[in-house]
Ligand SMILES: [Fe+2]
Ligand SMILES: [Fe+2]
Ligand SMILES: [Fe+2]
């Protein structure tokens, strides 16, 4: 079995575009939640291991959301109906190498503090899950605010008030206190812009070195994302899987090395990631596409490449 050298933080951060793109209008939700949560954890002086877990879990917190319809229910601040995306997400992670220990962060990321208290979980997990919950609600309020005022600074005081009002019930007092401290300066909010987030993540990613992982283990991680792609459109259920298997078989018939065949299989699983940037109404349009719709579809292979190109060890896969 061949081995890959990967930085798991880099892999998850890049591929999380797949999770973030399910609600096309809310690109980068997972990444913003990871930024907000990590800033709270840092301000609370959590140790590096705890911060690393928090960051990864926060990026992936909504990985159980498989379609745009569920995503739209999660954008109501007071909304209680969050479906089963927490259980689904926890279940997805629980089977994966390097990520299984994050299961409960995802399971309880919509559970109020008052309910978390009585659960048999470690303090780190309780606070981590609650921190992700708060960060998630901050981002939802920010997104809702952008609808009336395109400048995020226009809604920050209202967001801070709404979060404060939930202290002691939805969120632990310490988390709310620290959020109110760190969110006072404008820079906290302006750092939530897309260009800033990539820089924020890359400095964090560079703190970690690459680790060796077996192909089969890596594939289990990659499947989280290829399944999201395949769930996007009813026409393409299991399409990524099929392309991966056929590509591998062809590689084997051509007597390529085992490592090359492994790369072909992973590339097959990931080749349509960019399709998540194509709006549902174009992807599922029954009639002929207009020229401009066709251009949007046409760019999806470049968008797949764009998501994969920054992952060390995936250079061939990206190409
Ligand atoms: Fe969620
Ligand atoms: Fe979320
Ligand atoms: Fe395809």
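Shown for the chain is the translational diffusion coefficient from the Stokes-Einstein equation, using the Kirkwood radius over Cα pairs, a temperature of 37 °C and a viscosity of 0.692 mPa s: 161 µm²/s.
GNM on the chain, alpha-carbon springs under 10 angstrom: the most fluctuating residue among 282, 307, 178 is 282. Here residue 210 and residue 47 are evaluated by their C-beta separation; at R0 = 35 Å the FRET efficiency comes out at 0.95. Just checking the listed ones, 200, 108, 35: in the Gaussian network model of the chain with Cα springs under 10 Å, the one fluctuating most is 200. Among 87-99, 185-197, 53-65, the peptide with the highest mean count of other Cβ atoms within 10 Å heads the list, and the full ranking is 53-65, 87-99, 185-197.
When each of the peptides 242-255, 287-300, 164-177 is scored by the mean number of other C-beta atoms lying within 10 Å of its residues, the order from highest to lowest reads 164-177, 242-255, 287-300. Computed from the C-beta positions of residue 162 and residue 289, the FRET efficiency with R₀ = 45 Å rounds to 0.60.
Highest mean packing first, where packing is the average number of other Cβ atoms within 10 Å per residue, the peptides 79-86, 270-277 line up as 270-277, 79-86. Per residue, the chain reaches -18000 deg cm²/dmol at 222 nm when only DSSP H runs of four or more residues are counted, each adding -39500 (n - 2.57). Distance from the alpha carbon centroid of the range 291-319 to that of the range 69-127 works out to 31 angstrom. The calculated FRET efficiency for the pair residue 256 and residue 124, based on their C-beta separation and a Förster distance of 41 Å, comes to about 0.35. Residues considered: 41, 145, 30. Largest GNM mean-square fluctuation over the chain, using C-alpha springs under 10 Å, is found at 145.
Using C-alpha pairs below 8 Å separated by at least 6 residues, the relative contact order for the range 7-205 is 22 percent. Maximal additional length on extending the residue 146-residue 238 stretch stands at 29.5 nm, based on 0.36 nm per residue less the C-alpha distance.
None of the figures in this text is laboratory data; all of them are computed from the coordinates on show. Remember, predicted model here, so these are calculated numbers, not experimental data. Cβ atoms come from the backbone with ideal geometry, glycine included; neighbour counts cover every protein chain shown.
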